[in-house]
Amino acid sequence: RKEVEQDPGPFNVPEGATVAFNCTYSNSASQSFFWYRQDCRKEPKLLMSVYSSGNEDGRFTAQLNRASQYISLLIRDSKLSDSATYLCAPNGNFNKFYFGSGTKLNVKP
Amino acid sequence: GAGVSQSPRYKVAKRGQDVALRCDPISGHVSLFWYQQALGQGPEFLTYFQNEAQLDKSGLPSDRFFAERPEGSVSTLKIQRTQQEDSAVYLCASSPGTGDVQSGELFFGEGSRLTVL
């Protein structure tokens, strides 16, 4: 089983829509969780961190379910500029960040 | 610049050639990571340095891969006798964390895109 699993998508949504992605992880010892955003042919950049049950930052909400070992990312009022690949990264043993394969989001006009 | 710098940005190698990829992390950053990203995949962990110490190299796919950070700053990832399956983007990331990267902010370079013919 892979350390981190994500639905690759693509999720094709209209502007203004609400969209949610899930990410499951296998390492129950993970204490901190991160969502990174990666634009096409660019490097990943940190979007949000989750240390407890959840975190909210403007249109973005990340939630953690430790019992089921998944984290989710909710994007409200989608913008064209939100089109990207979203990578989930639990902090594993001794700072070994495992990344999921990413979920691709396409926001259409 | 103030960010993580990688060179070369693009490298084409013939199968069997050796390549060396360089990473200049953000000044003062203690932690340095190398990742391999194949097309359509997420970054795969290769190795981790804390200062000059290579604390984890479990992700290196074979003994053809070697990484060093001799002075705790610049790092080099070397791939010997390259194979076609080595074709990927190699990402370097640094973090100011002193071994505890709970902040999660890995600052990535733009990557070195390796194509092995």
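The values are calculated or read from the model by the stated rules, or taken from the named source; none is laboratory data. What you see is a predicted model, and the numbers here were worked out from it, not measured in a lab. FYI the Cβ positions are ideal-geometry reconstructions off the backbone, even for glycines, and counts take in every protein chain you see. For accessibility, only protein heavy atoms count, side chains too; no ligands or nucleic acids. Shrake-Rupley method; radii C 1.70, N 1.55, O 1.52, S 1.80 Å.
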Taking the condition of being crowded, with 17+ Cβ neighbours inside 10 Å, modelled with pLDDT of 95 or more and either assigned to a loop (DSSP other than H, G, I, E, B) or over 11 Å from the mean Cα position of the chain (by Cα) (or both), how many residues in region B:55-72 meet it?
2
Quick one: count up the residues across region B:40-55 that are out of contact with any Lys or Arg (no Cβ under 6 Å at 6 or more places or on another chain) and within 10 Å of chain A (Cβ to nearest Cβ).
8
Here are the criteria: (1) over 29 Å from residue A:10 (Cα atoms); (2) open to solvent by 60 Å² or more (accessible area, probe 1.4 Å); (3) polar (S, T, N, Q). Tell me which single one residue B:84 does not satisfy.
(1)
Out of A:17, A:62, which single residue is of a type in the set (Gly, Ala, Ser) and closer than 21 Å to residue A:108 by Cβ?
A:17
Go through region A:1-87 and tell me which strands (runs of 3 or more DSSP E), entirely inside it, have 1 or more residues that are over 19 Å from residue B:44 (Cβ atoms).
A:11-14, A:19-25, A:45-50, A:54-57, A:60-65, A:70-75
Could you tell me whether residue A:37 is within 23 Å of residue B:110 (Cβ to Cβ) and in contact with a Phe, Trp or Tyr (Cβ under 8 Å, 6 or more places away or on another chain)?
yes
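Kindly indicate whether any position in region B:86-101 is of a type in the set (S, T, N, Q) and in contact with a Cys (Cβ under 6 Å, 6 or more places away or on another chain).
No, every residue in region B:86-101 fails to be of a type in the set (S, T, N, Q) and in contact with a Cys (Cβ under 6 Å, 6 or more places away or on another chain).
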Got a sec? Which of A:90, A:109 is exposed (fewer than 15 other Cβ atoms within 10 Å of the Cβ) and on the phi < 0 side of the Ramachandran plot?
A:109
Would you confirm whether or not region B:9-21 contains a residue that is farther than 18 Å from residue B:110 by Cβ and acidic (Asp, Glu)?
yes
Being in contact with a strand residue (DSSP E or B) (Cβ under 8 Å, 6 or more places away or on another chain), open to solvent by 30 Å² or more (accessible area, probe 1.4 Å) and modelled with pLDDT under 90 is the filter here; which residues of region A:28-54 pass it?
A:31, A:51, A:52, A:53, A:54
Could you list all residues from region B:30-54 that are of a type in the set (A, V, I, L, M, F, W, C) and not in a strand (DSSP E or B)?
B:30, B:38, B:39
Could you tell me which numbered condition residue A:3 fails, if it satisfies all but one of (1) out of contact with any helix residue (DSSP H, G or I) (no Cβ under 8 Å at 6 or more places or on another chain); (2) more than 10 Å from every other protein chain (Cβ to nearest Cβ)?
(2)
Could you tell me whether residue B:77 is within 14 Å of chain A (Cβ to nearest Cβ) and touching a residue at least 40 places away in the same chain (Cβ under 8 Å)?
no
